[in-house]
1. Looking only at the range 33-66, filter to residues that are part of a loop (DSSP other than H, G, I, E, B) and of a type in the set (Asp, Glu); which one of those is modelled with the highest pLDDT?
2. Within the range 69-83, does at least one residue satisfy the condition of being in a helix (DSSP H, G or I) and basic (Lys, Arg)?
3. Out of all the residues in the range 56-92, which are open to solvent by less than 60 Å² (accessible area, probe 1.4 Å) and charged (D, E, K, R)?
4. Among residues belonging to the range 19-32 that are open to solvent by 30 Å² or more (accessible area, probe 1.4 Å) and either of a type in the set (A, V, I, L, M) or touching a strand residue (DSSP E or B) at 6+ places or on another chain (Cβ under 9 Å) (or both), point out the one that is modelled with the lowest pLDDT.
5. Quick one: what pairs do we get from the range 119-141, first residue under 18 Å from Glu33 (Cβ atoms) and aliphatic (A, V, I, L, M), second open to solvent by less than 50 Å² (accessible area, probe 1.4 Å) and part of a helix (DSSP H, G or I), C-beta under 8 Å, 6+ apart or different chains?
6. With the condition kept exactly as written, say whether any residue in the range 98-115 is in contact with a Phe, Trp or Tyr (Cβ under 6 Å, 6 or more places away or on another chain), part of a helix (DSSP H, G or I) and in contact (Cβ under 8 Å) with a residue 12 or more places away in the chain.
7. Would you confirm whether or not the range 124-133 contains a residue that is in a loop (DSSP other than H, G, I, E, B), touching a helix residue (DSSP H, G or I) at 6+ places or on another chain (Cβ under 9 Å) and at pLDDT 75 or above?
8. Go through Gly35, Gly95, Gly105, Gly111 for me and flag whichever is surrounded by 10 or more Cβ atoms within 10 Å (Cβ to Cβ) and either out of contact with any Asp or Glu (no Cβ under 9 Å at 6 or more places or on another chain) or under 24 Å from Leu16 (Cβ atoms) (or both).
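The values are calculated or read from the model by the stated rules, or taken from the named source; none is laboratory data. None of the values given here were measured: they were computed from a predicted structure. Cβ sites come from the backbone with ideal geometry, for glycine too, and all protein chains shown count toward neighbours. Keep in mind that these areas ignore ligands, DNA and RNA; they rest on the heavy atoms of the full protein, side chains included. Shrake-Rupley method; radii C 1.70, N 1.55, O 1.52, S 1.80 Å.
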Amino acid sequence: MVSEHFQKKLFLFFKLNDSGFGIESEMLSDAAEAGIKVVEVPITVRYDLDGSTENPITHGVGVLLKIIKDMELRRPLIYFTLPGFIIFLIGIISGIWFLNDYLNGTSINFGPTVIAIMLIIVGLFLMLNGILLDSIRKLINRKL
C-alpha cells in the first residue's frame, strides 16, 4: 500500500531497473540523489506465516553486489579513484623501498621494481578513469 506521503510526482525520480529485493536499495539511492526526504515508518510483520524462500546469505550478498554495481555508476570517483589512489600509493612506497635497497647495495632484484612500476601505472589508470567517468556522469546529468 502506497502511503499518502508517496506522491505520484515522486515516481519520476525512480529508475526501478532492479527486480526483487534489490529494488529497495535502488529506491533509497535514487531518492538520495534526487534530494527526496526519506523517513522510516515502523511496521509489524510476522515471518512465521509466509516466510521468504530466499536464503538470507545469498540475498545479502546479492543486495551488496547490487549496491557496489550501483556505486560504480553513481560514484565513479569513490569506486575507481579511491582504490586507484591506494594502489598508486602502494606502488610509490614499494618503489621507494626497492630504490633504497638498491642504493644501499642490499638488493638488485629487477622483479620487485617492475611490480612497483606496474602498481603505479594501474593506480594512475584507475584514478584517471574515475575522474573521466565522474565528469561524463555529471555532463549526462546536466543534459537530463
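1. Taking the candidates together, the pick is Glu40.
2. Taking every residue of the range 69-83 in turn, at least one turns out to be in a helix (DSSP H, G or I) and basic (Lys, Arg).
3. Lys66, Asp70, Glu72, Arg74
4. Per the criteria, the residue is Ile23.
5. What qualifies is Leu133/Pro76; Leu133/Phe80.
6. Yes, there is a match, as at least one residue in the range 98-115 is in contact with a Phe, Trp or Tyr (Cβ under 6 Å, 6 or more places away or on another chain), part of a helix (DSSP H, G or I) and in contact (Cβ under 8 Å) with a residue 12 or more places away in the chain.
7. no
8. The match here is Gly95.
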